[in-house]
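Mind having a look at this structure? Questions to follow.
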Amino acid sequence: MGLKKYFILLLLLFASTLLAQQPQKPSSVEIYHQIQKLNFLGSVLYVAAHPDDENTRLISYMANHVKARTGYLSITRGDGGQNLIGTELRELLGVIRTQELLEARKIDGGEQFFTRANDFGFSKVPDETLKIWNKNEVLEDMIYIIRKFKPDVIINRFDHRSPGTTHGHHTSSAMLSIELFDQTNDPKVYPNQLKFTSTWQPKRLFFNTSWWFYGGKEKFDKADKSKLNNFDMGVYYPSFGKSNQEIAALSRSRHQSQGFGSTGSRGDEIEYLELIKGEAAKDNKNIFEGIDTSWNRVKGGAEIGKLVTQIEKDFDFRNPSASIPKLIEAYTLIQKLDDEHWKKIKAEEIKKIISGCAGLFLEAVAESQSSTPGSTLKVRIEAINRSNQKMVLNSINTNPSSITAFSTTALKNNQPQYIDLELNLDKNEEYTAPYWLKEQGTVGMYAVSNQENIGIPDIIRTISVTFLVEINGTVIPFEREVIYKYNDEVKGEVYKPFDVVPVATSSILDKVKIFNSEKNKSVGVKIKAGKDDVSGNAFLTVAQGWKVSPESIPFQINKKGGETTVYFEVTPPKNSAEITATSYLVVDGEKLDKEQINIQYEHIAQQQVLANSEAKFSKLDIIIKNEKIAYIMGAGDEVPLYLSQMGYEVTILKPEEITLENLQNFQVVVMGIRAYNTVDELSFKQQLLFDFVKNGNTMIVQYNTTGKLTVKELAPFSLKLSRDRVTEEDAEVRFLAPNHKIVNFPNKITSNDFKGWVQEQGLYYPNEWDATFTPILSSNDKGEDPKNGGLLVAQYGKGYYIYTGLSFFRELPAGVSGAYRLFANMISIGTKTN
């Protein structure tokens with residue numbers, strides 16, 4: 001399959017239009033569960049470092065069995081990991097994992113929070129982590145989130161006493177949690193936060209220990225656990241028809257970008273907590289012991305508690321609307337509470353219950369999925385009461401405001417009301433985008449200048465409609481975001497978020513453009529219209545010494561969503577250079593410099609990211625030969641695109657296309673990252689690939705993890721993977737075989753070629769190998785022994801087998817020149833030098 005055809009197929013596979021948040025339509029059982037939670041006033045916050053670190057069994061147990069308000073504070077958004085479902089990395093991967101966590105919390109009943117910390121990649125010790133993160137800012141964020149959430153109990157996923165035994169981010173999350181426990185109630189600590197919240201003192205802090213922290217199940221079984229809090233999380237929920245573990249597995253399976261699909265289990269399962277700070281509970285099965293979790297904990301709450309208890313007792317599963325009169329009474333009493341914290345939380349909870357009991361469906365649907373600042377947006381309102389409870393739609397408030405007239409309307413049983421509105425978007429309306437990506441951050445931290453946004457997990461959407469519904473003389477506001485939906489002939493009703501977009505966006509087609517001579521190259525800039533009838537001029541800017549022709553190119557696009565591509569000729573300088581090129585548009589005198597990136601997967605809501613339209617241009621001192629390359633994809637990477645950029649002829653070869661006949665068309669086979677972890681069919685093709693090498697060709701295998709492998713032997717000789725890695729991208733690289741062809745032909749590789757690497761040098765290096773292999777490079781993080789398995793070469797028959805853990809999948813998209821030069825040498829190792 002050709003390279004271009006493959007990526008079109010990849011786009012079709014992943015660019016599903018199914019998901020956005022569908023409206024809640026709770027069943028009687030779900031409403032009853034909400035009423036039970038309404039009657040519990042206690043909170044627990046789980047703390048860890050990344051998406052996937054959380055114990056979904058414990059979160060589900062606390063939310064669904066204990067009925068506590070349960071949150072998960074993930075210090076980062078998982079930006080530094082790998083992506084098993086697509087090619088997005090770094091910030092874009094963080095956006096995906098953010099949404100996966102939000103979907104997980106919808107299943108297990110928790111809430112989600114983040115700090116500004118950027119997952120910059122694997123870190124071995126907390127000292128490095130806290131230096132790159134900016135410890136003070138992360139601590140500040142955690143304290144703010146705790147002051148806002150006000151947990152009675154905090155539970156750490158990781159042990160603060162074991163630095164160096166796990167990911168540095170892991171240990172850091174626990175260390176910071178310990179440190180802040182005695183600070184959250186001190187008004188002298190981050191006093192500016194108190195404009196938006198109040199001090200708070202958690203009662204207890206636990207460490208969620210397990211056999212893993214004891215070095216194995218056998219050791220844990222023998223350990224003294226008498227002082228540990230413990231409880232059986234293997235409860236069964238008859239109302240859900242699922243065990244707690246089954247719910248937790250469904251939640252964890254939302255982490256699709258990490259390949260964490262889980263199978264639910266059933267039966268007893270004990271969870272253990274070790275008290276680290278705070279007052280010990282006498283009952284080691286009740287982490288809320290001594291904490292009043294009834295309505296009596298708030299002044300004026302006793303009467304509400306009695307009402308809610310009666311509502312729960314009298315609840316009619318066949319007629320939930322019978323509970324509405326008493327729910328309205330409780331809602332009215334909640335509005336009178338002095339305790340603003342619980343007042344806000346319980347008011348939102350009871351509004352959902354009232355809406356569910358009435359079958360009250362309220363929706364605001366935009367005519368199109370996006371609109372531009374300064375435009376008029378048509379919105380169709382639907383309101384229907386599917387109960388005998390009398391209610392009136394008094395008014396509709398919109399943001400932004402609407403000039404459409406509205407009359408008070410009775411919402412009679414099962415009689416829908418439709419209203420058409422026109423919302424006038426302000427000319428300065430903010431574009432829809434992840435708020436944490438709008439400002440320039442650092443390697444370790446995102447920049448968020450608005451204190452009130454700290455901790456908010458999702459994109460902040462402001463286009464909304466508030467329905468003011470009067471029930472039994474009480475007016476209740478129900479807010480709904482404006483969304484977009486349409487009917488798909490296959491999938492039926494499809495929801496998407498509504499986005500505010502620029503009038504036009506541009507993107508440079510090649511994010512890395514390689515110039516290996518002084519000849520000019522054509523550079524395409526794709527332009528997309530955010531509305532009808534857009535015209536203007538496109539520009540491409542480069543650094544001094546580079547030349548662009550023409551200076552600008554006019555464009556016109558007649559239809560919203562339409563695209564056109566213009567081409568500039570770029571001439572590089574004589575000497576080697578790396579620059580960042582930018583594209584921008586001028587439309588009606590306004591400069592538009594954003595690129596629109598839409599992230600679409602079926603398991604999460606569609607996400608719009610607006611980034612600066614940039615690309616890296618590199619004038620490289622690089623020599624390539626004419627090898628034809630077959631690339632076999634693994635977990636997903638963009639390496640084939642960048643090999644093509646270098647000038648190679650690259651073909652994506654599917655596993656079923658690996659045949660003796662097809663392989664005869666190539667001189668080099670490159671295995672994509674984690675191919676032997678993810679592609680089962682390779683177990684039947686490995687001998688063909690080894691024969692390919694033996695007959696005089698080259699096979700390059702990029703990193704795989706130590707997890708399940710689909711083949712018995714990775715190489716034609718003994719080779720054992722480890723968890724060894726070099727996380728310091730600027731670690732010194734030493735040449736173990738300086739005269740080897742791979743570092744001399746066709747390009748002379750020096751230490752300069754390892755300057756400017758990003759995130760990490762490499763990962764999952766082999767630590768044992770047959771003597772036939774020649775280790776080429778050695779490097780290590782500070783204070784560690786040398787790691788010599790980053791690049792191994794073995795001659796097999798007439799050809800060469802190469803295994804590398806070097807992170808080419810990160811370096812090539814980042815435009816690291818040395819990575820390109822070294823990859824060219826790996827490709828050419830089987831080519832004659834003359």
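Beyond 24 Å, what share of the Cα-Cα pairs of the range 609-704 is found? Please give it as a whole percent.
28
Identify, among HIS255, PRO416, MET671, the residue whose Cα sits farthest towards the positive end of the charge dipole of the chain, taking +1 on the Cβ of Lys and Arg and -1 on the Cβ of Asp and Glu, with the dipole about the Cα centre.
MET671
At q = 0.11, 0.13, 0.17 Å⁻¹, what is the log10 ratio I(q)/I(0) for the range 42-284, with the Debye formula run over Cα points and no solvent?
Log-scaled intensity ratios, in q order: -0.57, -0.81, -1.41.
Same structure again: Say the dipole of the chain comes from +1 at the beta carbon of Lys and Arg and -1 at that of Asp and Glu; which of ASN612, GLN245, TRP342 then lies farthest toward its positive end?
GLN245
So, one more: Using alpha-carbon positions, what is the distance between the centroids of the range 571-643 and the range 35-88, in Å?
So the separation of the two Cα centres works out to 34 Å.
Roughly how many debye, to the nearest 20, is the charge dipole of the range 628-827 about its Cα centre, given +1 on each Lys and Arg Cβ, -1 on each Asp and Glu Cβ, and no other charges? The partial results should precede the final answer.
Details: 19 positive and 23 negative charges, 74 e Å.
Roughly 360 debye for the range 628-827.
Further question on the same structure: From the residues ASN744, LEU719, SER507, which one has its Cα farthest along the dipole of the chain in the positive direction, the dipole being from +1 and -1 charges on Cβ of Lys/Arg and Asp/Glu about the Cα centre?
LEU719
Another one. Could you state the number of Å between the C-alpha centres of the range 456-489 and the range 268-282?
40
Distances longer than 21 Å among the Cα atoms of the range 250-376: what percent of all pairs is that? List each step's numbers first, then the result.
Numbers: 5378 of 8001 pairs.
More than 21 Å apart: 67 percent of the Cα pairs in the range 250-376.
Follow-up. Mind putting together the pair-distance distribution for the range 93-224? All Cα pairs, 10 Å bins, whole percent per bin, short to long.
11, 34, 39, 15, 2, 0
Determine by what factor the alpha-carbon radius of gyration of the range 504-619 differs from 2.2 N^0.38 Å, reporting the quotient. Before the final figure, lay out each step's value.
Working: Rg = 15.2 Å, N = 116, 2.2 N^0.38 = 13.4 Å.
Expressed relative to 2.2 N^0.38 Å, the Cα Rg reads 1.13.
Turning to a different aspect of this structure: I need the P(r) histogram for the range 628-827: all alpha carbon pairs, bin width 10 Å from 0 out to the longest distance, whole percents.
Percent of Cα pairs in each bin: 9, 39, 40, 12, 1.
Where both partners of a DSSP beta bridge lie in the chain, what percent of those bridges are antiparallel, to the nearest 5?
70
Could you tell me what percent of the DSSP beta bridges with both partners in the range 628-827 are antiparallel, to the nearest 5?
Details: 17 of 33 bridges.
That works out to approximately 50 percent antiparallel.
Next question. If one computes the Cα centroid of the range 134-154 and of the range 321-380, what distance in Å separates the two points?
Computed from Cα coordinates, the inter-centre distance equals 28 Å.
In whole angstrom, and with the biggest value first, how far do the Cα coordinates of the range 562-627 range along each principal axis?
Taking the Cα atoms of the range 562-627, the three principal extents are 44, 39, 20 Å.
Under 8 Å for C-alpha pairs, at least 6 residues apart: give me the relative contact order for the range 42-284, rounded to a whole percent.
In percent, rounded to a whole number, it is 23.
Counting Lys and Arg as +1 and Asp and Glu as -1, what is the net charge of the other residues whose Cβ lies under 14 Å from the Cβ of TRP133?
-4
Translational D (Stokes-Einstein, µm²/s) of the range 375-432 at 37 °C and 0.692 mPa s when Rh comes from the Kirkwood sum over C-alpha pairs?
It comes out at roughly 253 µm²/s.
OK, next. With +1 assigned to the C-beta of every Lys and Arg and -1 to the C-beta of every Asp and Glu, and no other charges, what is the dipole magnitude of the chain about the Cα centre in debye, to the nearest 20?
The dipole magnitude comes to about 380 debye.
Considering all projection directions equally, how large on average is the shadow of the alpha-carbon convex hull of the chain, in square nanometres? Don't skip to the end; give the middle numbers.
Working: hull surface 151.4 nm².
The directionally averaged projection comes out at 37.9 nm².
Coordinate-derived values only; no laboratory data. Note that the structure is a prediction, hence the values are computed from the model and not measured. Neighbour counts run over all protein chains shown; Cβ positions are idealised from the backbone, glycine included.
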